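Asks: Got a structure for you, questions after.
Computed from the coordinates by the stated procedures, all read-outs in this text should not be read as laboratory data. None of these values were measured; they are calculated from a predicted model. Neighbour counts run over all protein chains shown; Cβ positions are idealised from the backbone, glycine included.
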Amino acid sequence: MRPSPSPYKKGRSSVPPDLVAKFADRGASQWTYGQISDARKLMDVLLSPPAHDCSCEETFVDFGSGTGGLVFAAALAGLPTCIGIELVPDLHEAAVQALDQLWPSARSRVELRCEDALSATKPFARATRVFCNNAVWDARLNACVAAHVAANAPWLVSLLVTKKIPADTVAAAGLALTRVSAVGVDWNPSGWPVFLYERAEAAPLVVCVDAEMFSAAMFSNISSQRWHMFEIAASSAAEVQAARRYAAVDAAIGAINEPRGLNAAGCDLLLGFLLLLCDETSPRNGVAALRDRSMGTAEVAAALDGVVTNRARLLYIGGGGVRLMLLAAAFGLRVIGIDSVRERYEVAVLALERLELAAARKCVELRFEDVLTSAEPLKNAAFVVTDGLMTAAALTQLIVHLSVHAPQLQAVATLTRLPDKAMVAAGLSLTRKSAVGVTWDPMGKPLYIYQSQRLASVNGECIEDASYQLCQGGFI
């Protein structure tokens, strides 16, 4: 008589009876929310840190492996041992059936287990690379995941997750955030962020933020799930300070029906550009940063301490950019908002009244008038932002008006490209092509940043960043 197979034998698994009973009346759909669609990119990120002083062979563990796709991808990538741990029996059985379709050489390296990963210790004893798709888990559960992996994986090289782990948990687990990227997922066509952690003693001092992260972040329209560039590379104190400002702005806007314009992530990106532009104390001034192809969140975060109070610069915003105006004021910029549409103006007034940051409220002046008949508000304008689509003729008319009445103008950010003749006549140069998320189009729109030719660092060079190149096909 043949012995019954072990429930955790490589390539085959039987489902533990207690789990069958636990989930007998629950469909697997209640326990899943989507899968990674770009396994190659995810493996590139996960395998990027070298395995220093590791005496055991590389072992990949997927914490919540679903139907096994990433486990199979890891095996096909050549990792010697690939373990998938799945709690839901239906998904686990689907993975076991799919395993039969894998090449024999790769199939021999796969181990599928149906159990609670938070109760399992043996699979992590030799784990070097661990992935967990924790995008919808709460902070408490994510803290448990990080603590369990850190405590039971002595050979851990990298932990990759789809939701940032609480900072106090990361520190307690002896981990450090070293890279932020984005990968394709089937629940968000714009991609989703992934956060790579390493053992703190082996981690670099600088967080690497991939271009894909910006491309995914700026096109996310989901306020509750967006990630802010300031959270990623800033110091702990700056993170808390930035989070409070964002929370105050979100509370002020609340259920207000915002006029169409930049979405939340688009506001984050444009605000980052503005902070870089006006941060004269930064080792890398704003113009140089805009010309740098590698500009990332580290530069934006480093500028936070220098721009939060008493900024002498004036930001003028035309249109209904309520969120951008409040965020700019919350981060210390003086703002004048001019709008000739009463509905948008009244929304901005209401949001400003609800803003709990008293210092920020004092930084904002709202005016109900036509910008083309205004002169006095523009005298000290350094940065002009228009966050709505304009015709080339209307934008040209605005730029001509600014060239006459805004002698201190340094930069203009717009979603419409300015005709070359008008740009030259106004003494401007196109220095950056990017892209931002907008409320009316999930694919986003191009962002053009023009700077005054009077600035010594403006040399006519124009940088096209990854996000612009991503969307340029449909908008040029």
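Asks: Can you order the peptides 160-171, 417-428 by their average number of other Cβ atoms within 10 Å per residue, highest first?
Replies: Values: 160-171: 18.1, 417-428: 15.8.
So the peptides 160-171, 417-428, ranked by packing, come out 160-171, 417-428.
Asks: Compute the FRET efficiency between residue 462 and residue 362 as 1/(1 + (r/R0)^6), taking r as their Cβ-Cβ distance and R0 = 25 Å, and round to the nearest 0.05. Could the numbers behind the result be given before it?
Replies: Numbers: r = 37 Å, r/R0 = 1.47.
Between residue 462 and residue 362 the formula returns 0.10.
Asks: Per residue of the stretch 401-415, what does 6.51 cos²θ - 1.76 cosθ + 1.60 with θ = phi - 60° give for ³J(HN,Hα)? Whole Hz please, x for Gly and Pro, Karplus curve as stated.
Replies: Once θ is set to phi - 60°, the couplings for the stretch 401-415 become 5, 5, 5, 8, 10, 10, x, 9, 4, 10, 8, 10, 10, 8, 8 Hz.
Asks: Residue 397 versus residue 101, label points 7 Å from Cα toward the beta carbon: distance in nm?
Replies: Simple spin-label model gives 5.9 nm for this pair.
Asks: Applying 1/(1 + (r/R0)^6) with R0 = 45 Å to the Cβ-Cβ distance of residue 77 and residue 375, what FRET efficiency is obtained, to the nearest 0.05? If you can, show how the numbers build up before the last one.
Replies: Values: r = 63 Å, r/R0 = 1.40.
Efficiency, from the Cβ-Cβ distance: 0.10.
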